[in-house]
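**Q** This is the structure I want to talk about, given as structure tokens.
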Amino acid sequence: MKTRNLAVAGMLSALAFVLQYFEFPVPLMPTFIKMDLSDLPGLIGAFALGPLYGVAICLVKNILHLAVSQSALVGEMCNFILGASFVLPAGIIYSRKKTKKRAITGAIVGAVVMAAFSFPSNLFFTYPMYIRLYGMSEEMIIGAYQAILPGVSTLPQCLLIFNVPFTFIKAMLSVVITLLIYKPLSPILHGYTKNA
């Protein structure tokens, strides 16, 4: 069983890595913020294999992405922190009682936690690191948000108005897809057969 779990986690990690390439810009967001569904395999793994496997899938996805990264580890660290904050509470809540209601509750709680974590992680880690590494200024970053909403004037304002809701919506897309496909996928993930 452990060997099978590791194999399934490996496949989900590879899928998560591939999904990072299918990113697209979102209207009413700065161009450097893009939508992708790479957290979806981590959530599926957290439900099927357990919360720690979900976190491991998020970690492996970002380790693989380092080979093609242009963010000097900053993007991967932020992505891992947010992904883990999403799948860990979702997986813990679901693992205690595996019902559809608990899956929905856990996934929504995970989405809320992820959105909440996006504020301090961007404010205190991601943007300060980009400013230091790439010679950007906070004014340049705020300017990208002001091009969409001229009334914003501080980075915390930008994050609360743009990033936190965006992160929640991004997580909820993974939640909805997981709830639609998890039951049909469950026999494959767990190695069940029709004759078992």
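**Q** Please check: in the Gaussian network model of the chain (C-alpha springs, under 10 Å), which one of Ala147, Ala14, Ala103 has the largest mean-square fluctuation.
**A** Result for the chain, Cα springs under 10 Å: Ala147 fluctuates most.
**Q** Place a point 7 Å from the Cα of Ile131 along the Cα-to-Cβ direction; which residues of the range 142-157 have their backbone N under 15 Å from it?
**A** Within reach of a label on Ile131, which here means backbone N under 15 Å from a point 7 Å along Cα→Cβ, the range 142-157 contributes 142-145, 153-157.
**Q** Still on this structure: What is the P(r) of the range 110-196, as percent of Cα-Cα pairs per 5 Å bin from 0?
**A** Calculated over all Cα pairs of the range 110-196, the distribution is 3, 13, 17, 16, 14, 10, 7, 6, 6, 5, 3, 2, 0 percent.
**Q** Quick one: net charge around Thr154, please, counting Lys, Arg +1 and Asp, Glu -1 for every other residue with C-beta under 12 Å from its C-beta.
**A** Working: positive: none; negative: Glu138, Glu139.
Here the charged neighbours net out to -2.
**Q** Can you sort Glu138, Glu76 by solvent-accessible area, 1.4 Å probe, largest first?
**A** Glu138, Glu76
**Q** With just the Cα atoms of the range 1-83, tell me how far they stretch along each of the three principal axes, in Å, largest first.
**A** Computed over the range 1-83, the largest-to-smallest principal extents equal 45, 25, 19 Å.
**Q** Considering the values (i) -0.43, -0.51, -0.60, -1.30; (ii) -0.41, -0.50, -0.60, -1.46; (iii) -0.46, -0.54, -0.64, -1.43, which represents log10 I(q)/I(0) by the Debye sum over Cα atoms at q = 0.10, 0.11, 0.12, 0.19 Å⁻¹ as calculated for the structure under consideration?
**A** (i)
**Q** Among Val176, Leu37, Leu133, whose Cα projects farthest towards the positive end of the dipole of the chain, with charges put on the beta-carbon of Lys, Arg (+1) and Asp, Glu (-1)?
**A** Val176
**Q** Using Cα pairs closer than 8 Å and at least 6 residues apart in sequence, work out the relative contact order for the range 24-133, in percent.
**A** 23
**Q** Give the ranking of Leu28, Leu173, Leu160 by solvent-accessible surface, highest area first, calculated with a 1.4 Å probe.
**A** So, going from the largest accessible area down, we get Leu28, Leu160, Leu173.
**Q** Could you tell me the distance between the Cα centroids of the range 57-120 and the range 6-54, to the nearest Å?
**A** 9
**Q** Continuing with this model, one more query. Among Lys101, Lys170, Lys34, which one shows the highest mean-square fluctuation when the chain is modelled as a Gaussian network with alpha-carbon springs under 10 Å?
**A** Highest fluctuation among the options: Lys101.
**Q** Another question, if that's okay. If the cut-off is 23 Å between C-alpha atoms, which lysines fall inside it for Lys101, apart from same-chain ones fewer than 8 positions away?
**A** Lys170, Lys183
**Q** Right, another one. Per 0.36 nm of contour for each residue apart, how much would the distance between Phe24 and Leu185 grow if the chain were fully extended, relative to their Cα-Cα spacing?
**A** Working: separation 161, 0.36 × 161 = 57.96 nm, distance 2.61 nm.
That works out to 55.3 nm of additional length.
**Q** Select from Thr178, Thr167, Thr154 the residue whose mean-square fluctuation is largest in a Gaussian network model of the chain (Cα-Cα springs shorter than 10 Å).
**A** Thr154
The values are calculated or read from the model by the stated rules, or taken from the named source; none is laboratory data. Just so you know, these numbers come straight off a predicted model, no measurement behind them. Here Cβ is always computed from backbone atoms with ideal geometry, including for glycine, and neighbour counts include all displayed protein chains. Heavy atoms of the whole protein, side chains included, go into the accessibility calculation; ligands, DNA and RNA do not. Shrake-Rupley method; radii C 1.70, N 1.55, O 1.52, S 1.80 Å.
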